[in-house]
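Reading through the structure tokens given below for one structure.
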Amino acid sequence: MIYTNFHTHSKYCDGSGDPEEYVLRALELGFTALGFSSHAPLPFENDWTLEKRDLTGYLEDIDKLKNIYKDKIEIYKGLEIDYIRDLMSPADRKYSSLNLDFSIGSVHVQKDERTGEFPGIDYTEHDMDQLLENTFSNDITLLIKSYYKDMREMISQGGFTFLGHLDVVKKTNNGSKYFSENARWYREEVKNTLAAVKEKGVIMEVNTGNSRWENKTSIFPSPWILRQARQMDIPVILSSDAHRPDRIDAHFPEALQVLKDAGYRETVYLKGKKIISQKIS
Ligand SMILES: [Zn+2]
Ligand SMILES: [Zn+2]
């Protein structure tokens, strides 16, 4: 089967390495396509996205690579765009003028009502604890519900090609430290979100980029969610959310096995502007 990856970062945001190093690695691995998806700039200072002033340089750099390697591999120019309630959305007009090949819609932050800052929900336990205390009355159900509400708002607004890591809010939940994925309220949130995905005909990403990878349950979304998504016929694209050139195919074989176990027989990828299905083998 054809290997592609449409979710990669680089030195332009919170990854390391020049985009060209990712291309060379992709060629080594026999990829037919590689997409770059730096984090789109945010309207406030942070240390993990592109800076506004670097956006043009990033896009030009990818265009250059596209041209240099056009006979060897398809390069796709994209952004991973955050949805932040009342602040930004992949559906914002400005992104359509960037001439992107694709974009990923993701939710990474929640507002800290005490400090006015926007800490990541996929970063450290310390940040989660602060958020819980400052915004959510130490009630994890409120934080998670707010996260999935944002997801559903983003899905309903659209404006992106792939949905990024649907349940990345579980990232710090090692050993069910914060909640059980079996809890009825949690299953309900996921169910409602999958219903939104289905209704909008969204392509969902299967993301192997968990830096705290322990076993197959470290995949985003969790295997039980993929089983439900399969029953609903939701198409999936495999990606590794690489932040280093050597991670562009990280955990792909395990992820394909998880997909097969969930009943999936096909994944999709992007070719030009078209979505192509291929059999998992
Ligand atoms: Zn992300
Ligand atoms: Zn990412």
Quiz item: Could you list, in sequence order, the residues of the range 142-167 that are small (Gly, Ala, Ser) and part of a loop (DSSP other than H, G, I, E, B)?
Solution: Gly158, Gly159, Gly164
Exercise. Please state which of the following conditions Met128 fails to meet, knowing it meets all the rest: (1) away from ligand 2 (no atom under 16 Å from the Cβ); (2) assigned to a loop (DSSP other than H, G, I, E, B); (3) under 30 Å from Phe36 (Cβ atoms).
Key: (2)
Quiz item: Can you spot a residue in the range 60-76 that is in a loop (DSSP other than H, G, I, E, B) and either among the polar types (S, T, N, Q) or crowded, with 20+ Cβ neighbours inside 10 Å (or both)?
Solution: no
Exercise. Have a look at Ala229, Ala255, Ala250 and point out the one that is touching a helix residue (DSSP H, G or I) at 6+ places or on another chain (Cβ under 7 Å) and modelled with pLDDT of 95 or more.
Key: Ala229
Quiz item: Which residues, taken from the range 93-111, are within 18 Å of Val168 (Cα to Cα) and away from ligand 1 (no atom under 16 Å from the Cβ)?
Solution: Lys111
Quiz item: Of these, Asn210, Asn192, Asn182, which one is free of Cβ contacts under 8 Å to residues at least 24 places away in the same chain, among the polar types (S, T, N, Q) and at negative phi?
Solution: Asn182
Exercise. Sort through Leu24, Leu42, Leu98, Leu87 and tell me the only one that's under 25 Å from Asn210 (Cβ atoms) and surrounded by fewer than 19 Cβ atoms within 10 Å (Cβ to Cβ).
Key: Leu24
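The values are calculated or read from the model by the stated rules, or taken from the named source; none is laboratory data. On a predicted model such as this, the values are computed, not experimentally measured, just so you know. Neighbour counts run over all protein chains shown; Cβ positions are idealised from the backbone, glycine included.
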